[in-house]
Amino acid sequence: MLTILFYMGIRFLPSNLSPVVDIFCNRGPIQYFSVFATSWGVAILIVKGLKLKLQQKCLDHVIVPQESDFVLSTTTVEDVFENIYKIVDDPKHFVLFNRIAVALSNLRNLGRVTDVDEILRSQAEHDESIMESSYSLIRGLIWAVPVLGFIGTVLGLSDAISGFGGVMAATEDMGEITTALKGVTSGLATAFDTTLVALVAALCLQLATTFLHKNEEEFLDSCTEYCQRNIVNRLRIMPFHSDET
């Protein structure tokens with residue numbers, strides 16, 4: 001859809017920008033593939049950016065009671081779960097809440113307060129691994145776009161060289177050669193314009209990806225800080241009763 005909208009949009013550019021239209025519409029099929037791959041990259045970054053904004057909203061919610069005498073233990077863990085489910089239907093869809101839910105589920109089922117911090121760290125590493133793997137496709141597109149440009153360059157140069165050879169073989173008159181060479185330059189235009197478009201597109205995708213990746217890393221760091229402040233620091237091992245000892 002982004003590719004279609006792009007090509008529909010450039011058709012309405014003013015006449016003084018007709019060279020831009022020529023670059024994208026009259027330089028062979030490679031340009032369409034480059035725009036298509038770039039559009040996929042843009043779509044992925046937009047979706048990831050919107051998802052990140054939604055995930056960041058979780059940091060604004062307080063799920064652990066803020067009373068000074070409240071401590072998180074096997075007897076009070078249900079209060080935290082209750083607060084989580086007041087905010088979301090399923091914490092699995094949210095990085096922060098899922099991390100907390102996994103750790104507190106262990107606390108509720110096994111009663112090991114000392115394991116909560118370790119589980120939170122392990123879940124944090126898991127979240128970082130998932131985040132890194134989510135960039136595999138966009139990184140592949142960033143690699144593919146310049147390659148498409150270089151393919152366009154090779155095709156353009158091949159067309160120009162073959163056209164030049166055909167002109168030289170067809171006539172020896174310099175006037176006719178000069179006239180015929182004007183058509184050969186179209187191959188050179190294809191060669192250089194496809195590379196230019198591909199490199200600019202790859203550069204923009206790379207910069208946008210780097211910026212979004214940095215924001216996601218900062219979000220994961222904020223989740224770790226949130227868990228440390230609101231979960232780990234509120235833990236307490238409840239003393240055993242004398243009859244149990």
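The values are calculated or read from the model by the stated rules, or taken from the named source; none is laboratory data. These numbers were taken from a predicted model, which means no experiment stands behind them. Positions of Cβ are backbone-derived with ideal geometry, glycine not excepted, and every protein chain shown enters the neighbour counts. What goes into the accessible areas is simple: the full protein's heavy atoms, side chains included, and nothing from ligands, DNA or RNA. Shrake-Rupley method; radii C 1.70, N 1.55, O 1.52, S 1.80 Å.
What is the spin-label model distance, in nm, from SER18 to LYS214 if the labels are put 7 Å beyond Cα along the C-beta direction?
Distance between label points: 4.2 nm.
Compute the semi-axes of the equivalent ellipsoid of region 1-89, taking the square root of 5 times each eigenvalue of the Cα gyration tensor, and list them largest first in whole Å.
That gives 54, 12, 9 Å for the three semi-axes.
For a quick protection proxy, order the peptides 37-50, 72-85 by their average other-Cβ count within 10 Å, most packed first.
Per-residue Cβ counts within 10 Å, averaged per peptide and sorted highest first, yield 37-50, 72-85.
What number comes out for accessible area per residue over region 10-94 if the probe is 1.4 Å? Units Å², please.
62 Å²
How large is ³J(HN,Hα) for each residue in region 132-149, as worked out from phi by the Karplus curve 6.51 cos²θ - 1.76 cosθ + 1.60 (θ = phi - 60°), to whole Hz, x for Gly and Pro?
Values, residue by residue: 5, 5, 5, 8, 4, 5, 5, 5, x, 5, 4, 6, 6, 4, x, 4, 4, x Hz.
Full extension from ASP221 to HIS93: what is 0.36 nm times the residue separation minus their Cα-Cα distance, to one decimal in nm?
Contour length minus Cα-Cα distance gives 44.3 nm.
Can you compute the label reach from ARG234? Point 7 Å from Cα along the Cβ direction, backbone N cut-off under 11 Å, restricted to region 46-80.
Correct set: 62-73, 76-80.
If I model a spin label as a point 7 Å beyond the Cα along the Cα-Cβ vector, how far apart are those points for PHE6 and GLU132 in nm?
3.0 nm
At R0 = 22 Å, how high is the FRET efficiency between CYS25 and SER158 if r is their beta carbon distance? Nearest 0.05 is fine.
0.60
Just subtract the alpha-carbon distance of ILE46 and VAL147 from 0.36 nm times their residue separation and send over the number in nm, one decimal.
Between ILE46 and VAL147, full extension yields an extra 34.0 nm.
I need the shape label for region 1-153. Rule: rounded when a/c is under 1.5, else prolate if a/b > b/c, else oblate, with a, b, c from the alpha carbon gyration tensor.
Cα axes put region 1-153 in the prolate bin.
For ASN83 and ARG108 in one chain, what is 0.36 nm times their gap in residues minus the Cα-Cα distance, to one decimal in nm?
Value of the extension gain: 7.5 nm.
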